[in-house]
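The values are calculated or read from the model by the stated rules, or taken from the named source; none is laboratory data. Bear in mind the structure is a predicted one, so any value in this text is a computation, not a measurement. Virtual Cβ from ideal backbone geometry, glycine too; neighbours counted across all protein chains shown. Ligands, DNA and RNA are stripped out before the accessible areas are found, and what is left, the full protein with its side chains, is counted by its heavy atoms. Shrake-Rupley method; radii C 1.70, N 1.55, O 1.52, S 1.80 Å.
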Amino acid sequence: MSKLTAPRGTFDILPEQASVRAGIERSACELLEAAGYGRIETPSFEVTELFARGVGEATDIVQKEMYSFDDGGGRSLTLRPEGTAPVCRAYVDHGMHKLAAPVRLYYLSSFFRAERPQAGRYRQFWQLGAESLGSEDPAVDAETIVLLARILARLGVAGVRLRLASLGSPETRAEYRVDLARYLRANEQRLAPNVRERIELNPLRAFDSDDPATREVMEQAPRLLERLSADDAEHFSTVRELLGRAGIVYEIDPTLVRGLDYYTRTLFEFTSDALGAQSGVAGGGRYDGLVEQLGGPPTPGIGWAAGIERIMMASSGLRAEQVEVDLYLAFEAARADAFETLIQARDAGLAAQMELAGRSLKGQLKQAERLGARFFAVVEGDSVRLRDMHAGTEETVERGALVDRLVAA
Ligand code: HAM
């Protein structure tokens with residue numbers, strides 16, 4: 001029979017990687033919870049309309065990257081491509097606007113996008129995400145950005161850079177889009193075909209193109225950052241001032257575009273020089289209109305998400321944790337006695353293992369060494385030869401007294 005493999009762009013998480021991930025989760029959750037965030041997990045799939053409305057019909061995600069399917073009853077469902085729209089849906093669903101603002105939620109979940117797989121880009125991937133709902137205070141913007149910077153630093157992500165911009169209000173952006181589209185049409189001949197095709201649909205994406213001629217055109221293109229309303233400009237300048245107070249280094253990038261339509265005002269992206277073409281480790285921004293777009297009351301919000309696989313690729317300091325083994329039970333003939341002692345030891349809270357692969361006594365000792373076991377016990381009926389693997393000493397003890405003794409040790 002031919003061998004079956006995991007679908008393209010997906011991967012298995014093996015025990016050693018699971019251990020690294022658990023370490024990332026622990027570090028990140030600690031910082032998030034200390035900052036007042038509570039964990040939320042939403043379903044892996046949602047009604048398709050959530051993303052069409054939330055993420056935006058014109059985005060690449062909705063246009064071509066969603067895994068959508070019929071639920072059997074004529075309703076279209078979609079494997080979640082991102083977490084912000086689902087969290088806002090849950091916020092409305094559970095009437096969380098009645099809670100004291102800001103409501104702060106974080107998640108560590110897997111997401112699905114039918115993208116072309118390459119290093120750092122998968123079809124199922126994990127994100128750590130944080131959302132803060134109900135406050136438009138620029139201090140929330142600065143605070144969430146600092147929190148993300150601290151998490152990336154704590155996880156040892158190398159060569160981190162932060163790019164920052166502001167998109168202003170939806171109205172400013174709508175006017176700007178019209179002007180940008182006009183500019184692009186005037187320079188149509190010099191644009192890459194895929195940019196030309198999207199002039200009407202999504203002109204801002206032209207800033208993302210890596211085609212040299214297109215980039216040249218974009219250098220002279222009108223900039224949204226120069227057209228912010230007085231309110232938005234003031235908001236942005238306060239965010240910058242507060243980031244300065246926290247000693248955060250950043251670069252203002254007026255060409256920053258992110259592939260989601262819900263953003264308003266503050267927008268940011270963290271990249272890592274340790275990554276290749278897919279250099280984005282984390283990104284986020286404000287989405288002051290999203291909750292209302294999903295049928296909730298007008299509610300400002302801001303958040304970010306960081307890719308777990310990209311964090312792992314950009315950080316050399318993450319190690320699997322060595323699993324501790326207190327006791328390894330060996331035997332030649334007394335399998336049932338060894339088994340009984342194994343269960344007693346585990347019930348008493350010891351990390352215990354017994355021989356299960358028919359090794360010789362010598363092989364069993366080797367296996368105990370491989371596992372880094374603290375004690376090695378050869379069960380011989382009612383007595384046990386107990387070896388302290390650290391001290392190198394050996395003694396004979398009564399089997400019935402072994403567990404109590406080790407627990408006391
Ligand atoms: P995003 O920029 O699409 O934003 O994704 C955030 C991060 O997820 C990226 O920086 C990257 O590290 C990781 N990521 C995205 N796609 C893939 C992929 N195909 N393979 C591996 N990693 C990937 C969002 O998803 C927004 N929901 C972030 C946000 C939260 N904005 C406001 N709140």
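At a 1.4 Å probe radius, carbon and sulfur cover how many percent of the accessible area of region 327-408?
48 percent
Can you compute the modelled spin-label distance between residue 114 and residue 57, with each label point 7 Å from Cα toward Cβ, in nm?
1.9 nm
Report the calculated FRET efficiency for residue 277 and residue 238 (r = Cβ-Cβ distance, R0 = 60 Å), to the nearest 0.05.
0.95
Counting only protein chains, not ligands or nucleic acids, how are 326, 388 ordered by accessible area (probe 1.4 Å), most first?
326, 388
Summing -39500 (n - 2.57) over the DSSP H runs of n ≥ 4 in the chain and dividing by its residue number, what mean residue ellipticity at 222 nm do you reach, to the nearest 500 deg cm²/dmol?
-11000 deg cm²/dmol
Can you list the trypsin sites (Lys or Arg not before Pro) in region 126-231 that are in a DSSP coil and have 16 or fewer other beta carbons within 10 angstrom?
Answer by residue number: 223.
Give me the 1.4 Å probe accessible area per residue for region 337-397, excluding ligands and nucleic acids, in Å².
Accessible surface, normalised per residue, equals 56 Å².
So how far, in whole Å, is the C-alpha centre of region 112-165 from the one of region 20-70?
Taking the Cα centre of region 20-70 as reference, the centre of region 112-165 is 12 Å away.
Please list, in order along region 154-159, the HN-Hα scalar couplings obtained from phi with the Karplus expression 6.51 cos²θ - 1.76 cosθ + 1.60 (θ = phi - 60°), rounded to whole Hz, x for Gly and Pro.
Coupling constants for region 154-159: 4, 7, x, 5, 8, x Hz.
Using a Förster distance of 56 Å, how high is the FRET efficiency between residue 227 and residue 357, based on the Cβ-Cβ distance and rounded to 0.05?
0.20
Test of understanding: express the Cα radius of gyration of the chain as a ratio to 2.2 N^0.38 Å, with N the residue count.
Relative to the rule-of-thumb radius for its length, the chain sits at 1.28.
Using only the alpha carbons of region 327-408, determine the length spanned along each of the three principal axes and report them from longest to shortest in whole angstroms.
Each principal axis gives a Cα extent; for region 327-408 these are 28, 27, 22 Å.
With a point put 7 Å past each Cα toward its Cβ, work out how far residue 344 is from residue 1 in nm, to one decimal.
That separation, rounded to one decimal, is 4.3 nm.
Send over a whole-number figure in Å² for the accessible area per residue of region 218-328, probe 1.4 Å.
It amounts to 43 Å² per residue over region 218-328.
Check each of the GluC sites (Glu not before Pro) in region 323-378 and keep only those in coil by DSSP with at most 11 other C-beta atoms within 10 angstrom; list them in order.
The qualifying sites are 324.
Are there any GluC sites (Glu not before Pro) in region 141-218 that are in a DSSP loop and have at most 11 other Cβ atoms within 10 Å? List them by number.
200
Sort 40-52, 9-21, 280-292 by the packing proxy (mean of other Cβ within 10 Å over each peptide's residues), most packed first.
280-292, 40-52, 9-21
What net charge do the residues around residue 336 carry, taking every other residue with its C-beta under 14 Å from that of residue 336, with Lys and Arg at +1 and Asp and Glu at -1?
With Lys, Arg at +1 and Asp, Glu at -1, the net is -4.
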